[in-house]
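Readers should treat all values here as calculations from the given coordinates under stated rules, not as data from a laboratory. Remember, predicted model here, so these are calculated numbers, not experimental data. Because the Cβ atoms are built from the backbone with ideal geometry, glycine has one as well, and the counts that use them run over all protein chains shown.
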Amino acid sequence: MTLRMTCETSPVTTTATPSVNDSVFLRACRGESVPHVPVWFMRQAGRSLPEYRKLREGVPMLESCFRPDMVIEFTMQPVRRHVVDAAILFSDIVVPLKAIGVDLDIVAGTGPVVAEPIRSADQLAQLRDIEPDDVIPIVESVKVVVDELGTTPLIGFAGAPFTLASYLIEGGPSKDHRLTKQFMYTNPDLWHALLARLAAIAGQFLRVQIEAGASAVQLFDSWAGNLSLADYDKYVKPHSAAVLSSVADLGVPRIHFGVGTGELLQSMGDAGADVVGVDWRVPLEEAAKRVGGGKALQGNLDSTALFAPTEVLNAKAAEVIESGRAAPGHIFNLGHGVLPATDPDALTRLVDFVHNYELASS
């Protein structure tokens, strides 16, 4: 923008201050042109970073999720180290359940464990709405992180109703989700009541993060890939759609991701997300056809590729970038989370490669 002075002086040119909204990450989410493919990594905050392990030593996982000092530091660590294009809040999908008083814990080497798995309708009473006092540490953490990030966007997140329901019904992680499906098939009315409550809680948790300053949100449905398309559409999709719809008025990009969901991609896209996350099993070019609707894609390098020689890793990353051109917008990510044994330097080199790839080929 050029301003012409009324006196006889040279024109003064001012440049608009960059904002989060101008970031390559948010522009890619909206399908706008970008100078390079933005990149961030699921589970970038945590397990692979020695500075994370040192600081969290002796502190239980859930406790760290409610300590603003740790949430802030752990969220910022991968941004400082890798210079990724977005941060994701350090948290866990069961945090909102813990916040409202559900008796659960995250057990090292196991995952979320629920003291009293849900078996009856009267147990749904514990799944109350989130109150402001429940999430004071999360709100405080988000506000400070957003201030520290400057023009780098923060992604908030929540667990999708099906995945949360699975933990609550199984009592912990499950390989076959037998109890979850048995509950779903045997008690469909109670099932839908349970998922409706979880959808409300997930939506409330996303809203809390957005209103505190998050620029985008991601809904994680880690276990949805265990369902057939017919079951997903009948028992799950309406509730995921309710979560995504509940924050549509806030105007931030909504990302929807699941593992093993290649057959569900079109349906997941139809649920209302602006960006669909794709795991490593389906090439992005094919995923773009399945999702349709002009939606941006996120993904999808196999996490284990980070253990390959650099030239192999770079070749695989290039394949992902090229395949991602089929979508209106592409955010480079892994097909799932960063594995604990990953060399952090490999992640940093990968970020550099992705950024420079687009600049060199444009």
Assign unit charges at the C-beta atoms only (+1 for Lys and Arg, -1 for Asp and Glu), then state the dipole size of region 115-179 relative to its Cα centre in Debye, rounded to the nearest 20.
-> 380 debye
In the chain, taking the dipole from +1 charges on Lys and Arg beta carbons and -1 charges on Asp and Glu beta carbons about the Cα centre, the listed residue (I155, N226, H82) farthest towards the positive end is N226
How high is the relative contact order of the chain, given as a whole-number percent (alpha carbon pairs under 8 Å, six or more residues apart)?
-> 20 percent
Highest mean first, what order results for 153-162, 174-183 on Cβ atoms within 10 Å?
-> 153-162, 174-183
Cβ-placed point charges (K, R +1; D, E -1), dipole of the chain about Cα centre in debye, nearest 20 = 400 debye
Among residues other than E319 whose Cβ falls under 12 Å from its Cβ, what is the net charge (Lys/Arg +1, Asp/Glu -1)?
-> -1
Just rank I72, I100, fewest to most, by other beta-carbon atoms within 10 angstrom.
-> I100, I72
Give me T152, T163 ranked fewest to most by other Cβ atoms within 10 Å of their Cβ, as a rough exposure proxy.
-> T152, T163
Show me 51-63, 301-313 ranked by packing, highest mean number of other Cβ atoms within 10 Å first.
-> 301-313, 51-63
Ascending count of other beta-carbon atoms within 10 Å, so fewest first, for V107, V282 = V107, V282
Going by average Cβ neighbours within 10 Å, how do the peptides 257-268, 334-345 rank, with the highest at the top?
-> 257-268, 334-345
0 to 90° range, to nearest 10: angle between helix 237-246 axis and the chain longest Cα axis = 50 degrees
Ranking V102, A165, A45 by how far each Cα lies towards the positive end of the charge dipole of region 21-361 (+1 on Lys and Arg Cβ, -1 on Asp and Glu Cβ), the top one is A165
